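Engineer: Below: one structure in structure tokens.
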Amino acid sequence: MPDIIQLLPDNIANQIAAGEVIQRPASAVKELLENAVDAEATEIQLIVSDAGKSLIQVIDNGKGMSETDARMAFERHATSKIRAIEDLFRIKTMGFRGEALASIAAVAQVEVKTKKQEDELGTYIEIENSTVIKQEPCAYIGGTSISMKNLFFNVPARRNFLKSNAAEMRHIVDEFIRVAMAFPELFFSLTANGQQVFHLEAGSLKQRVVQILGTSYNAKMVNVKEETDYLNIYGFVGKPETAKKTRGDQYLFVNNRFIKSAYLNHAINSAFDGMIAKDSFPSYVLFIDVDPSQVDINVHPTKQEIKFEDEKIIYAFVQAAVKHALAQFSVAPSLDFTLNAEIQNLDAVSKPFTEESKETVSGSNLYKTFTQKNQAHFIEKDNRSELKDWKSFFETEKTEDRREELVETTFSYEKNILNANSYLLNSFLQLHNTYIIAATQNGFLLVHQQLAHERIQYEKYSRLAHQLHAGSQKKLFPVTLETTASDAVLLNEMLGDLQTIGYTIEPFGNNSFVVQGTPADIAQGNEKHSLELLLEQYKHFSSDVKFSRREKLVRCMARQQAIKAGQALTGEEMKHLIEELFKCTTPNITPTGNPTFLEFKEDYLDRMFGR
Ligand code: ADP
Ligand code: MG
């Protein structure tokens, strides 16, 4: 038997390794933008074609590379950012692994032009399949331009895995925004297929946030700023009115790195307790700066997770800082951002807590508030156990996995109730503008009006979506809708599906759209709001489940169009709602699997009373 183990050739090893770093065009965008930031550029341009599939180019005016460095940069584990293992604990740059350029060179055709500001001539290099195919001196202004063409040209299997251009573009815009948000002092632009999508002048963080999230945020942000020896927190939280029904504009950065942290997100949400509805999400753009030795960034390069030395302290700080900011907002509304820019920028206004911030960590009130309540990090789990005792009274069984679409079709439901007319006595009572008690021949139903209506709407829009033409109500006066660049990308992607449920929308250039028609029951004058809400919901639709785009849309539409809890209903409206509910194929649960009503039968009631 001959020996069978062989070393992989470099280019194959590189391709495999590249799989971890470059998953899609947006990953390359992130790496190239971060390299430009690390190179101390003040102007960074991103140019993409074909959602990055045919071209991603980043041009910066940073420090550039020498001829040798330019060549070295594409070797695996080649970095100028760390030299020894101890350096890992004082990382101030975005990159440090020295893998990005090597990975990019393994899976795309790369062209580099670079020149150190002080050198006379620059260097031009072409690389393909990890091999330099051309290198020559060139004239260049200074800084670096890296183009990567035809991503995955040599790994067709991975190229085939890429999503639609609209989807890949959305990822690119997300990454672009995350970097641009973190460095407001730098100029950024994004040009896609020859059209400029973003042009972000250098400015203050507040200006950057408004440039990206939209001017409507201008008057709706509260300044957060707490400085301690251990960490600083600064940025903005949206006033309670900007809370969204879905995870909205939430940006959290640690040492300027965008991160996702359910834990810290909980800290921020909890600071809003009592100020926003339980099921809504606050908007925020928050930056936490800590000593790099307190965080472990040595996690996977593409993961946005982070490990803190002491998570609980960070949790308490973040929560207290946001609470503090909100308190300031509610007691001193004149300090909000409706003031003009000069006044806002005065230290006295933007830094009302200087005295406190000078105190050391352990002396500050801030510190005391959280050390005394050191359960602050405790996350209450969704406790539905009290419902369990009632289970025997339920006709409907709560499904184990509420999200399973399949459940609905396999759900066995007593058909007798479908004959609603004879089963229901014509007697309805609304409780707390949320529940309807409907008397039946042998007991009563307790119906949740919003959930019941969501079911009705869901089946209605599902039917529409599967017909060829939904009834669209043509607008006498078409409404124009202006969106952010990233919403425009998304909306463009959704136009066809929106058409199936009754929206006629046409792109109008420059991130705006004309709404020519809406589903029949959208109220006049409300078109814009319902579309914005729909987009918002759609964007943040739980990604745990793979629904088709259309199914997602139908579900969002149903949720949005449902009568809300809190709305008073007349007897007729209640009757109609319940009749419509029982015309549904699956009346007893919402699309997500919550019960829409509970049935209480006489014999259960009797038993409860010991009769
Ligand atoms: P890392 O950023 O982790 O060091 P990369 O593979 O992204 O690794 O880059 C390798 C090296 O190439 C960097 O350490 C840096 O010295 C150099 N480099 C990359 N991009 C640029 C750029 N835009 N300008 C100047 N130098 C760059
Ligand atoms: Mg890098």
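Engineer: For segment 10-203, what relative contact order do you get, as a whole percent, if you take Cα pairs closer than 8 Å and at least 6 residues apart?
Structural biologist: 27 percent
Engineer: Which of Lys63/Lys113; Lys81/Lys116; Lys53/Lys115; Lys113/Lys163 have a Cα-Cα distance over 22 Å?
Structural biologist: Beyond 22 Å: Lys53/Lys115; Lys113/Lys163.
Engineer: Please list the non-local residues whose amide H lies under 5 Å from the amide H of Ser427, H modeled 1.01 Å from N, same-chain partners needing a gap of 5 or more.
Structural biologist: Amide H to amide H, under 5 Å and 5 or more residues apart or across chains, Ser427 pairs with Ala439.
Engineer: Mind checking the dipole of segment 121-228: about its Cα centre, +1 per Lys or Arg Cβ, -1 per Asp or Glu Cβ, Debye to the nearest 20? Provide the component values of the computation, followed by the final result.
Structural biologist: Working: 11 positive and 10 negative charges, 78 e Å.
With Lys and Arg at +1 and Asp and Glu at -1, about 380 debye.
Engineer: On to the next question. How many angstrom lie between the Cα centre of segment 105-138 and the Cα centre of segment 210-280?
Structural biologist: Value for the Cα centre distance between the two parts: 42 Å.
Engineer: Same structure again: Considering only Cα-Cα distances, which of the following residue pairs are longer than 31 Å: Lys30/Lys220; Lys92/Lys552; Lys239/Lys539?
Structural biologist: Lys92/Lys552
Quick note: the coordinates plus some simple rules give every number you see, no bench work behind them. Just so it is clear, the model here is predicted, and its values are computed rather than measured. Positions of Cβ are backbone-derived with ideal geometry, glycine not excepted, and every protein chain shown enters the neighbour counts.
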